[in-house]
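I have placed the structure first, in the form of structure tokens, so that the comments after it can refer back to it.
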Amino acid sequence: MAHRTRRRTALVAALTALALGPVAVLGVAAPVPASASAPASAPTGPAEASTDCAAVGLEVAAVVDGTVLCTTGPEPGDPAVEAGAVAEASSGIQCYGDGASGARVQLVYAHPPSLNRLASLEPAMRTRAAQMESIFDASAAQTGGRRHIRWATDPNCNLQVLDVTVDGSALPSTNFTALINALVAKGHSDPDRKYVIWAETANANPSLCSGLATLWYDTRTGEENWNDAKTGYARLDETCVRSVFDGRTEAHELMHTIGGVQPGAPNATPAGHCRDEADRMCYDDDGAGGVSMRSVCSSANELRFDCGHDDYFYANAPCGAGGWLASRWNSADSRWLEAVAASAAPAPANDRLGAAASLTGYSGSLGTTNAGAGLEAGEPSPTGKPGGRSLWFRWTAPVSGPVAFDTCGSDVDTLLAVSTGTTGSMTGLAPVGASDDDSLLGRQSRVTFTAQAGTTYLVQVDGKGGEQGPLALRWGAPHHGYPDVALGAWYEAAVNWMARFDLIDPRPGGGFGPKTKMTRREVVNVLWRLADRPSARSTATFADVPATAWYLPALSWAVEAGLVKPYPDGTFHPGATVKRGHLADMLWRLAGTPAGSPTSGFADVAPTHKLAPAIDWAAAEGLVSPYPDGTFRRKKALTRQQISVILFDLASSPDAWAEYGGAPPSAVVFPH
């Protein structure tokens, strides 16, 4: 387990000494006319789903249980792989569990009563499945993840191919509705199955591998998305199993069934594809050359998904990754895909409550995996939703105050719960909070609560539906709410702390203004709030500070505490920006002017400079660092994000306060 705890925590009290609706397929007995679909508009946001196929450039495929399913319609197909060209490799498939439970991709051979060639075609079908597997996994690797298909197999990892006899009229690609209805009539409409069907068709072009598939236009994230909640069908000509093809068409059609490509995506075409070539899902699909295609990725990417990693497939997206997919359906999150290989993994050490891993500090983060984890007898489900691969952590609150735990950055759909109790008993757990899909984090989870100093909290992280793979866990001050501070930004934890403990005010308009430079009056006010707003014994007087100045109480305290003094002309320069050297000096004085720090060695700070003791101290405490050329640049102005991080580091560093009354103020410093 990689465990990283930040030296950035939170502040609670005073520095006492200074205080002086989607489209679906499920069939009926006869083809369904377009008028049967419910009227609706194309989705414009993550809360909407379309049940009007024509409105989103698709065709009605079928209806099952009253749910309309759309299709992209027959596609041009892929030609045979040219001699000497690179074909997709085949290295086998991954197998999960019993091969039947949960979401599974089911292979199907559909044929007329008079012809059944399954015995001769099945080996090639298995090869196509392995090639599909390779395409999905190699595509995920481009964004640092893994994705394997959850195939329907027997318990011994043998792919199952359903042998389905249908009327010959249902087999041509022009009668997809009849084929779906025929499968439904035979019971093949399981919402836990996506069906990949090779149809025995006498008039198929042997030089092309053609297909079509169902697709819901539903941009919602999470399990409510119909592409993730319902069945789907992909139909291929049986010619696709010939040795001159390599699974690329099958992979394309399966991607449709799990939601790629949604309308409104940055490079979406009119009917479920994309325009930024080369990409397995991209081509001009309007039939009239009206789509303006763009060459973005090399031709080698023709066998990979999502050329720009911004339209429909992004594995292992970092916490706070922006773009369209941040709040829309990402097919890499499909429950028909697994984020880790199925090879047996040893159970993590903290798979059991009794071996819960220790978390330290008010704020921190870690990366781990739940691969190989399981459930203990009597273990509760975090949210009442099925899990199955949980990890346990224990955290003793170093201070009373608001705190949040989240799984932002995880590569699997998560469940999260926080409880009190002991690591010795499942029955003694008292729930504090639980989360499935967070409104801000999508399929990741977040629990916010008020911690009590000295109380030990038990944190349970699970993969929803038994998902396993890379997990992330963060803890610290709850989310800031600023629209201009991205999740996962390098300064986010510091901003959370500043916001939740009311150390800084928003900018006009409600934003944080991360790159806005801070003035002397603003910094003095922040430090005063950090000290719990103490009252000065007298009011400071400066030539350029009116008696009604909003920051005068803070400035009076700062003068009395020795943090600032007038310029020679008696002014304060309240609107001047704060420079690196001056901030180091103020914080050094705030910490009690500790002496004896090692010389920093900055190329532009002489040992005899008046600010050298403060700069040396700040460098020794890790509050500042040199530029690449070895300089400090003491006259460089600082931004709100930079000052937030420096103050956050200061508040969490016991050593930084060594000269302050002989020990750091316990109400301010949260030891790790």
(request) Give the calculated FRET efficiency between R589 and K635 to the nearest 0.05, with a Förster radius of 30 Å applied to their Cβ-Cβ distance. (result) 0.95
(message) Nearest 500 deg cm²/dmol is fine: what mean residue ellipticity at 222 nm does the chain get from its DSSP H runs of n ≥ 4 alone, each adding -39,500 (n - 2.57), divided by its residue count?
(response) -5000 deg cm²/dmol
(message) What does the extension gain come out to for D502 and K515, with contour length at 0.36 nm per residue minus their alpha carbon separation?
(response) 2.8 nm
(request) Would you work out the charge dipole size for the chain about its Cα centre, treating the Cβ of every Lys and Arg as +1 and the Cβ of every Asp and Glu as -1, and quote it to the nearest 20 debye? (result) 2860 debye
(message) Order these by the 10 Å Cβ neighbour count, fewest first: K230, K635.
(response) K635, K230
(request) Give me the aspartates and glutamates in straight-line cross-link reach of K186: C-alpha distance below 13 Å, same-chain residues under 8 apart excluded. (result) D163, D167
(request) For the chain, state the semi-axes of the equivalent ellipsoid (square roots of 5 times the eigenvalues of the alpha-carbon gyration tensor), sorted largest first and rounded to whole angstrom. (result) 59, 27, 22
(request) Under a cut-off of 20 Å between alpha-carbon atoms, report the lysines in cross-link reach of K610, not counting same-chain residues fewer than 8 places apart. (result) K565, K579, K635, K636
(message) To check you understand DSSP bridge types, tell me what percent of the beta bridges within the chain (both residues inside) are antiparallel, rounded to 5.
(response) 70 percent
(message) So if I take the alpha carbon set of the range 203-331, get Rg, then get Rh from the Kirkwood formula, what is the Rg over Rh ratio?
(response) 0.97
(message) Past the 26 angstrom mark, what percentage of all C-alpha to C-alpha distances in the range 492-657 do you count?
(response) 27 percent
(message) I need the P(r) histogram for the range 256-408: all alpha carbon pairs, bin width 5 Å from 0 out to the longest distance, whole percents.
(response) 2, 8, 13, 14, 14, 12, 11, 9, 8, 6, 3, 1, 0, 0
(request) Find the Cα radius of gyration of the range 344-476, compare it with 2.2 N^0.38 Å by division, and give the number to two decimals. (result) 0.94
(message) If you split all Cα-Cα distances of the range 239-303 into 10 Å bins from zero, what percentages do you get per bin, shortest first?
(response) 22, 48, 27, 3
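None of the figures in this text is laboratory data; all of them are computed from the coordinates on show. Values in this document were obtained by computation on a predicted structure and should not be read as measured data. Because the Cβ atoms are built from the backbone with ideal geometry, glycine has one as well, and the counts that use them run over all protein chains shown.
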